[in-house]
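Below: the structure, in structure tokens.
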Amino acid sequence: MSNTHALPHVLRKHLSAVTRRHFFGQTGLGLGTAALTSLLDHPPCIAADGLSGLPHFAPRAKRAIYLFMAGAPCQVDMFDYKPKMKEMYDQDLPDSVRQGQRLTTMTSGQERFPIAPSIYNFSQYGQSGAWVSELMPHTAKVVDDLAIVRSLHTEAINHDPAITYICTGHQLPGRASLGSWLNYGLGSLNEDLPAFVVMTPSWTGRQEAQAIYNRLWGSGFLQSRHQGVALRTGADPVLFLSNPPGVDTNTRRRMLDRLARFNQRTFDTYGDPETLTRIEQGEMAFRMQASVPKLTDISGEPQHVLDMYGPDVQQPGTFAASALLARRMTERGVRFIQIFHRGWDQHGRVPRDLPNQCRDVDQPCWALISDLKNRGLLDDTLVVWGGEFGRTIYCQGNLTKEDYGRDHHPRCFTIWMAGGGIKPGVVYGKTDDFSYNIEENPVHIHDLNATILHCLGIDHRRLLYKFQGLDMRMTGVEDHSPVDGILL
């Protein structure tokens, strides 16, 4: 930096600002990386072993799989059995139940809010006696491995802010996602695959699904190396991973070596840690050229395992195929796997679309839990299933005996968890007869995320990142805590 006075004034000002900005917060990283680089034979990269002092305590789970049902599953048609509603078919939802709750624009103009009981049969399963509808016959077989939480709630009432909220801890974009926080705090368990992988499989329910955005697995204010890597279907599971025609592995290696030297010079001049991220991304991509094809090749899986996941497992891009890949990733040390399954936004035609959505995920979810358990992986793998909010007991649009729709409902919804750190065979929380308000053990989505972090050995109050003068954390500034009632 001794020659900066010879640079134009604007550039000198920029370099000075960069130096001040990163001196206290990032100098340790830069010097540590440079020191590490001098000890390595291969091009420089950032060490991916997380923060010192983490985990805060012995974790029950080493990794997590989050099965996200984007669009909000109908809890009253799947897990939250409300038999009294059959007696109230087409009666108006009492004002004493609604309590003036704000509504979406899709039902706020309705003259009536007629109660629409579920048309699906429910039965009790397992030692826990959990009620599960006929839509989820395979999931019902593993209820004694699950903790079913029926009392989740959130403040967001529309999809995009609600999904952003539960995935990043804030309704507005710009925050780090849960997987990015885990990558930042705990680092990677492997060298050849990303620590955080995302899949967005196909769906067979309502095709006019809500869009999802890569900010849901983005790193926000954290360094970009912590963001999730999207795994796609087709010839290129990861964009730009394959070598172009005429470029072989040796040529690619030489190109990366030269590029790494250029980037290192840039870092030495400007001190921006994102330059080091570029080096690491290049190295990771090079290793992934060998590891990703091995990951996605399921030809060596035994037939009985393929049969567990169902007929869709052989079709790339389905939820079943993604669930099997998730199990294969756990074996390869991927820290956090998130599967976003779209199409759960049933504002109308629930009897047509919801069964299709359930068929997409029911057998693969059972297979994933069973497969992990059979391999001894469930004890240290946390599995989470759920959406961004619930759905109303009253009908959106016209109500008939054969057809109904449901609007968004943030006051209560159901998720389930299983595996590392979670008490099996538990039904936690209770809603009223209308599945509208919570009567026992409310769980905020920040409590859910605090629970996930706890299972992985993290005190959510102590996982912080200084940004814009604030100590940012995944679970906000309010008083939230892990849900003790479902923890081992």
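No value in this document is a laboratory result; all are computed from the given coordinates. Keep in mind it's a predicted model, so treat the numbers as computed, not measured. FYI the Cβ positions are ideal-geometry reconstructions off the backbone, even for glycines, and counts take in every protein chain you see.
Dividing the alpha-carbon Rg of region 364-404 by 2.2 N^0.38 Å yields what?
Compared with the compact-globule rule of thumb, region 364-404 sits at 1.98.
Please check the chain for the longest run free of GluC sites (Glu not before Pro) that are loop-located per DSSP (anything but H, G, I, E, B) and have at most 10 other Cβ atoms within 10 Å.
Longest run free of exposed loop sites: 209-401.
Multiplying the sequence separation of R232 and D272 by 0.36 nm and subtracting their Cα-Cα distance, what value in nm do you get?
Extra length available between R232 and D272 comes to 11.3 nm.
Can you tell me which lysines have their Cα less than 29 Å from the Cα of K423? Leave out same-chain residues fewer than eight positions away.
Cross-link targets: K62, K82, K141, K373.
Based on DSSP, what percent of beta bridges with both residues in the chain are antiparallel, to the nearest 5? Write down the numbers at each step before the final one.
On the way: 24 of 48 bridges.
Of the beta bridges lying entirely in the chain, close to 50 percent run antiparallel.
Between D307 and D379, what's the calculated FRET efficiency when r is the beta-carbon distance and R0 is 25 Å? Round to 0.05.
0.55
Sum -39500 (n - 2.57) across every DSSP H segment of at least 4 residues in the chain, then divide by the residue count to get the 222 nm mean residue ellipticity, nearest 500.
It comes out at -11000 deg cm²/dmol, rounded to the nearest 500.
Once amide H atoms are placed 1.01 Å from N in the peptide plane, what residues at a sequence separation of 5 or more from I422, or on another chain, have their amide H within under 5 Å of its amide H?
Placed amide hydrogens put L488 under 5 Å from I422.
Need one number: the % of Cα-Cα pairs in the chain sitting beyond the 31 Å mark.
The proportion of pairs with Cα distances above 31 Å equals 47 percent.
Consider a paramagnetic label point 7 Å from the Cα of Q91 along Cα→Cβ; state which residues of region 104-148 have an amide N under 11 Å from it.
Flagged as within label range: 115.
Determine the gain in length on full extension of the stretch A58-Q99; use 0.36 nm per residue of separation and subtract their C-alpha separation, reporting nm with one decimal.
10.4 nm is the gain from fully extending A58 to Q99.
Along Cα→Cβ, 7 Å out, is where each label goes; now give me the distance between the ones at F262 and Q468 in nm to one decimal.
My value for the distance between the label points is 3.4 nm.
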